[in-house]
Amino acid sequence: MNILIYSTNSHYIAKPSGGAETSLRLIAEKFTEIGAKVYYLTEPMKKLPFIKEKKINGVHVIFFSPLKWPSFNGRLMQGSKEKFISMQFRQVIKRIVKKYDIDIIHTYNEFPNTYDVIKTIRDNNLTCKTIIRIAGLAWRNLIQKDSSLKEPIEFVFQHVDCINFISPG
């Protein structure tokens, strides 16, 4: 079985991380112990764009730093930065799934990246299954702040294959 785990932050980079990242790292390393091939996609805090792979504790960690949109403090073509990064992220997901013949993608309630993962799978007719780890009410709070997020968040819940619900938070 080939598994891709995704989180923007992880224990595989120098940035501090929390409980979600700890559990995803433990899941990744445990699956490698039982013979699965595990790829962990994460985003290091690098300014320059690159993709690099390194094996850590049996896990193939893929570091992806997207090309940044020159927005000059958000004043140039607002909204384009997020779309540009989303487009790059979707291409990376598609390439990884195809290159490593991924069976399962495990992610957590990182929005909008989880939406991008699901959208990439649907738009490219990829056959892998998706698992989302959720703890707490983060997405409900996002919708309360910005009601336009309701539709893409509902899309994720309608198309994810499995929800790993940790606690009501």
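The values are calculated or read from the model by the stated rules, or taken from the named source; none is laboratory data. Predicted model, so just to flag it, every value in this text is computed and none were measured. When we count neighbours, we look across all protein chains shown, and the Cβ atoms used for this are built from the backbone with ideal geometry, even at glycine. Quick note on the areas: whole protein, heavy atoms, side chains included, nothing else; ligands and nucleic acids left out. Shrake-Rupley method; radii C 1.70, N 1.55, O 1.52, S 1.80 Å.
Figures for the structure shown
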item	result
Residue-normalised accessible area of the chain, given per residue in Å² at a 1.4 Å probe	57 Å²
Gaussian network model of the chain, springs between alpha carbon atoms under 10 Å - residue of Ile62, Ile121, Ile13 with greatest fluctuation	Ile13
Carbon plus sulfur fraction of accessible area for the chain, probe 1.4 Å, in percent	55 percent
Shape category assigned to the range 15-65 from the gyration tensor of Cα positions, a/c cut at 1.5	oblate
Stokes-Einstein translational diffusion, the chain - Kirkwood Rh over all Cα pairs, 1.567 mPa s, 4 °C, in µm²/s	78 µm²/s
Most positive-pole-ward Cα, Ala20, Gln88, Leu126, against dipole of the chain from beta carbon charges	Gln88
Low-density loop positions, trypsin sites (Lys or Arg not before Pro), the range 1-56 - DSSP coil, at most 16 other Cβ in 10 Å	Lys46, Lys47
The chain: most fluctuating residue of Leu142, Leu48, Leu126 per GNM, C-alpha cutoff 10 Å	Leu48
Potential lengthening between Leu48 and Gln91 on full extension [0.36 nm per residue; Cα-Cα distance subtracted]	13.7 nm
30 Å Cα-Cα threshold exceeded, pairs from Lys55/Lys150; Lys52/Lys119; Lys83/Lys150; Lys129/Lys150; Lys30/Lys99; Lys81/Lys150	Lys55/Lys150
Signed unit charges on C-beta, dipole axis of the range 8-65, positive-most listed residue Pro44, His11, Phe31	Pro44
Only Lys, Arg (+1) and Asp, Glu (-1) charged, at Cβ; the chain dipole about Cα centre in debye	580 debye
Placed amide H near Ile166: partners under 5 Å, 5+ positions off or other chain	Ile134, Ala135, Gly136
